[in-house]
Amino acid sequence: MITADISQSDNVVPLDKAMAPKRTRLQEFWFLFRRNKLAILGMIIFFFFFFIALIGLLLTAGRHPVFDPALIRLQEKLRPPLAEPNLETLLPDEVPAFGVYLFGTDDLGRDVFARMLQGAWVSLTVGFVAVGISVLLGIFMGGIAGYYGQHQVRLDHILAIGLVFLGAAFLAMDNILFGFMFLFLGVCCALYCLSRRKTSVRRAPFNREHLLGTNVFSIDTLIMRIVDIMLCFPSFFLILTVVALLPASIYNIMIVIGLTSWMGTTRFVRAEFLSLREQDFVMAVRALGVGNFRIIFRHMMPNAIGPVLVSATIGIATAILTEAGLSFLGFGVPPPHATWGNILSDGKNFIFDAPWLTFIPGVAILIVVLSFNLFGEGLRDVLNPKLRERS
Amino acid sequence: MLSFFGRSIVQKIVTLFFVSIISFLIIHLAPGEPSQIDPLNPKFTFEMVERFRKEFHLDKPLHIQYLYFYRDLFTGKTVSWKDNQSVVQKIWDRFLNSLPLFIVGTILTWTISFPIGIRSAIFRGRFFDRSATFFSYLLISIPGFFFAYILIIFVVTRFHVPVIGMETFGLGDTSMLNVIMDRIWHLFLPSVLGATGGIAVLSRYVRSQMLEVEGQDYVRTAKAKGLPSEQVHYKHALRNALLPFVTMFGLILPGLIGGSVIIESIFSWPGMGRMAYEAILARDYPVILTVNFVSAVLVLAGTFISDLLYLLVDPRIRL
């Protein structure tokens, strides 16, 4: 018995020693990430900012918030940070929480601390929603271009889409008769395309059907040309134009920033998918008869998500900066709502008398954007196997 | 080779066509009209608004307006709706104002970021590298307008020089030296601000390119041969690391027209960016569309030039 035990353990121990220490993906990630001090700092501030923004939303919302960002006290305007309120001139309701103006007051006597808290939530949502839109769109377009890229767009597809668009255009110009006619034709054409998808076109003798089935370009070409077209627009100028022409609202800003920044993600995802789909594990999964949908989302996406995460983190930083820039120019979130950009923009008129109105929001934006950038770069170093080996 | 250029040019023209359509649609489908820009002004009677609409073809359907606009653009007859001046002339004037900013900013960017990037690649992980990394992140992250105000406060209180605008108003007939110094001071801050982001990004890029090359076998061979380290770094490594940057000369072309809306409005610099901003405020569609079109042309020309430079510089690429 004893000898058997020893021989068994003898068998097991060398095997264990020969293998690399077992670590899950997350442990591996943390092990590598821990070495980058700046990235750790960035991550801490990243989560702290989340916390502040949530707390800020809770404390400044509602009818009687703890910190009222909209309460105007004209007799208390432009008080410096940490100033005590003048209790004789204030109603009991108007006294700030903790009995002190933590960040001072602005030119209307509003509590800057309360406004900064409210603005944190705006910056956070603008960053996340805008980047969410751009990442979803980018993954969708990049995934199609990378996975279904070789499929061809045929002449009848273009015809169908063209007819539908023509119909929509006529409808938009109040020409109902032509509009519905073209829409109907377009839908018929689309149904026709779908019905003949299965039949092979190459073998058919030359006839009208053959002409309609001509391959024009591949889906990959189509999507990459769309990306090229989008890249031709100067992005800040385009955002500015659209935001200025549309009615001022925070949602418009998020959507516009999202719709003008998906091109990078598309390129990453496409490149990753192109290389992944040739690899053996995808071939194996396909041989097992797994559906396209599952291959894309369960097997390929986790391998392609690294660069997307990195660009998303840095994209949030860029979106926050863009929103601040728009607010600064006066096209940001409409006035009753405070954002860091418009606090700074209002404060710039008092830059010599009340420098805290410029410096507090400015430094806050700087710290948050810096932490996002550092965190993103840390992620990039960890997720990039090439850099990992070298260091 | 010729077929490559032919295809590329055709492709770019098609892209430009779609860009023109999309920018036209974005502008014209947005709610509101330029004729409603000032609805409360009592001078604008209904008849007058109708006359303006007729004058600028705003009463025609969209595709006719599109044709009218681009016909005018290509014959150079587009006029601004705001002041009836020729748009091409307007853009050219503003372009000449933006040009010094662009040139000084570009020179600053390229001359500062290369030494920093190369040095931090050579001394990788040392104090210089780490502080350069941190400062470049700082410069990327700082909002341009906030940095502008810090610099303005610093320069104005320290050196007592005027910085807003292109030149001091009413300088009169002082000596030539004074005038030149005045222009340089006015030029200094906006171009430094325009260059900061570029310096930060480009120096990081130079660093990563240098690191990539320094890891190559031929650099190790050069070191093993016992070559002095200057020769290894600057002759063997740097020359190969420079390759991607040659092509970036093409990609800075769009910066010519984009300018910086924010910096130009802070410094009241009458450049392209500020003109575009004013045009957006006034809903001056011809100016907005022309700026957009020209910048799209510049982007496409830039990519074309960078492809061309790559062919010239890198002997490994053959078509």
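Treating only the Cβ atoms of Lys and Arg (+1) and Asp and Glu (-1) as charged, compute the dipole magnitude of chain A about its Cα centre; round to the nearest 20 debye. Walk me through the numbers before you get to the answer.
Details: 32 positive and 27 negative charges, 386 e Å.
Dipole magnitude for chain A comes out near 1860 debye.
Mind checking the angle between helix A:235-245 and chain A's longest principal axis? C-alpha axes, 0 to 90 degrees, to the nearest 10.
Here the helix axis deviates by roughly 70 degrees.
Taking springs between alpha-carbon atoms closer than 10 angstrom, which of A:Asn86, A:Asn175, A:Asn303 fluctuates most in the Gaussian network model of chain A?
A:Asn175
Which distance in nm do the two modelled labels at B:Leu99 and A:Val153 give, with both placed 7 Å along the Cα-to-Cβ direction?
In this crude label model, B:Leu99 to A:Val153 measures out at 4.0 nm.
If I fit a long axis through the Cα atoms of helix A:176-195 and take the longest principal axis of the Cα atoms of chain A, what angle between them do I get, 0 to 90°, rounded to 10?
Helix A:176-195 and the main axis of chain A meet at about 50 degrees.
Could you please report the charge total around B:Lys54, scoring K, R as +1 and D, E as -1 over all other residues with beta-carbon less than 11 angstrom from its beta-carbon?
My count for the surroundings of B:Lys54 gives -1.
Between the DSSP loop rule and a limit of at most 13 other Cβ atoms within 10 Å, which chymotrypsin sites (Phe, Trp or Tyr not before Pro) in segment A:293-357 are left?
A:Phe352
In percent, how large is the relative contact order of segment A:44-366, given Cα pairs closer than 8 Å and 6 or more residues apart?
Once divided by the residue count of segment A:44-366, the mean separation gives 22 percent.
Compute log10 of I(q)/I(0) for chain A with the Debye formula, placing one identical point scatterer on every Cα and leaving out solvent, at q = 0.06 Å⁻¹, to two decimals.
Normalising to I(0) and taking log10 leaves -0.40.
Among the listed pairs B:Lys12/B:Lys235; A:Lys77/B:Lys90; B:Lys12/B:Lys90; B:Lys54/B:Lys90; A:Lys348/B:Lys54, which have their C-alpha atoms separated by more than 32 angstrom in this model? Walk me through the intermediate numbers first.
Details: B:Lys12/B:Lys235 37 Å; A:Lys77/B:Lys90 43 Å; B:Lys12/B:Lys90 26 Å; B:Lys54/B:Lys90 24 Å; A:Lys348/B:Lys54 43 Å.
Pairs exceeding 32 Å: B:Lys12/B:Lys235; A:Lys77/B:Lys90; A:Lys348/B:Lys54.
Over every pair of different alpha-carbon atoms in the protein assembly as shown, take the mean of 1/r and invert it; report that Kirkwood radius in Å. Walk me through the intermediate numbers first.
Numbers: mean 1/r = 0.0338 Å⁻¹.
Evaluated over the protein assembly as shown, this radius sits at 29.6 Å.
Partner chain Cβ atoms within 10 Å, averaged over the residues of A:222-232 - can you pull that number for me?
Rounded to a whole number, the mean comes out at 5.
Could you order the peptides B:70-76, B:141-147 from most to least packed, using the average number of other C-beta atoms within 10 Å per residue?
Ranked from most to least packed, the peptides come out as B:141-147, B:70-76.
Assuming 0.36 nm per residue, please report the length gained on full extension of the stretch B:Asp59 to B:Ala30 beyond their Cα-Cα distance.
So the extension gain works out to 8.9 nm.
Partner chain Cβ atoms within 10 Å, averaged over the residues of B:143-156 - can you pull that number for me?
Counting Cβ atoms of other protein chains within 10 Å of each residue's Cβ and averaging gives 5.
Quick one: net charge around A:Pro96, please, counting Lys, Arg +1 and Asp, Glu -1 for every other residue with C-beta under 11 Å from its C-beta.
That works out to -3.
Taking 25 Å as R0, compute the FRET efficiency from the Cβ-Cβ separation of A:Leu74 and A:Val100 and round it to 0.05.
The pair A:Leu74/A:Val100 has a calculated efficiency of 0.85.
Please arrange A:Glu323, A:Glu84, B:Glu167 by how many other C-beta atoms lie within 10 Å of their C-beta, fewest to most.
Ascending number of Cβ neighbours within 10 Å: A:Glu84, B:Glu167, A:Glu323.
Could you list A:Val164, A:Val368, A:Val135, B:Val88 so that the one with the fewest beta carbons within 10 Å of its beta carbon is first and the one with the most is last?
Working: A:Val164 18, A:Val368 26, A:Val135 22, B:Val88 15.
Lowest count first: B:Val88, A:Val164, A:Val135, A:Val368.
If the elastic network links every pair of Cα atoms under 10 Å, which of A:Leu259, A:Leu238, A:Leu137 fluctuates the most in the Gaussian network model of chain A?
Result for chain A, Cα springs under 10 Å: A:Leu238 fluctuates most.
For segment A:58-188, what does the alpha-carbon gyration tensor say about shape, rounded, prolate or oblate, given a ≥ b ≥ c as the root eigenvalues, a/c under 1.5 as rounded, and a/b over b/c as prolate?
Prolate, since a/c reaches 1.5 and a/b exceeds b/c.
Treat each spin label as a single point 7 Å out from the Cα along the C-beta direction, and report the B:Asn240 to A:Asn252 distance in nm.
About 5.3 nm separates the two model spin labels.
Helix A:301-329 versus the longest principal axis of chain A: what angle, 0 to 90°, nearest 10, using Cα atoms?
Tilt of helix A:301-329: around 40 degrees.
For chain B, give the magnitude of the charge dipole about the Cα centre (Cβ charges: +1 Lys/Arg, -1 Asp/Glu; no others), in debye to the nearest 20.
1160 debye
What FRET efficiency would be calculated for the residue pair B:Glu50, B:Phe18, taking the C-beta separation as r and a Förster radius of 30 Å, to the nearest 0.05?
E between B:Glu50 and B:Phe18, to the nearest 0.05, is 0.35.
As a footprinting exposure proxy, order A:Tyr148, B:Tyr137 by other Cβ within 10 Å, with the fewest listed first.
A:Tyr148, B:Tyr137
What nm value, rounded to one decimal, do you get for the distance between A:Asp174 and A:Leu41 when each label is placed 7 Å out toward the C-beta?
6.2 nm
Between rounded, prolate and oblate, where does chain B land on the alpha carbon gyration tensor, with a ≥ b ≥ c its root eigenvalues, rounded for a/c under 1.5, else prolate if a/b exceeds b/c?
Note, shape of chain B comes out oblate.
Efficiency by 1/(1 + (r/R0)^6): what FRET value for A:Leu91 and B:Ile153, r their Cβ-Cβ distance, R0 = 41 Å, to the nearest 0.05? Intermediate values should be presented prior to the final figure.
On the way: r = 36 Å, r/R0 = 0.89.
Once rounded, the FRET efficiency stands at 0.65.
Could you tell me which of A:Met254, A:Gln118, A:Ala324 has its Cα farthest along the dipole of segment A:44-366 towards the positive end, charges placed at Cβ (Lys, Arg +1; Asp, Glu -1), taken about the Cα centre?
A:Met254
Quick test of the membrane-span-like rule: which DSSP H helices of chain B reach at least 24 Å along their long axis (C-alpha atoms) with mean Kyte hydropathy at least -0.5?
Membrane-span-like by this rule: B:2-29, B:87-122, B:176-214, B:285-313.
Top mean-square fluctuation among A:Pro361, A:Pro302, A:Pro81, Gaussian network model of chain A, C-alpha springs under 10 Å?
The residue that fluctuates most here is A:Pro302.
What are the extents of the Cα atoms of segment A:264-318 along their three principal axes, in Å, largest first?
Ordered largest first, segment A:264-318 gives principal extents of 42, 17, 13 Å.
Using a simple charge model, +1 on the beta-carbon of Lys and Arg, -1 on the beta-carbon of Asp and Glu, nothing else, what dipole does the protein assembly as shown show about its Cα centre, in debye to the nearest 20?
2740 debye
Where a number appears in this text, it was derived from the coordinates with a stated rule and is not lab data. Only a predicted model underlies this, so the values are computations on that prediction, with no experimental measurement involved. Neighbour counts are summed over all protein chains in view; Cβ atoms, including those assigned to glycine, are modelled from backbone coordinates with ideal geometry.
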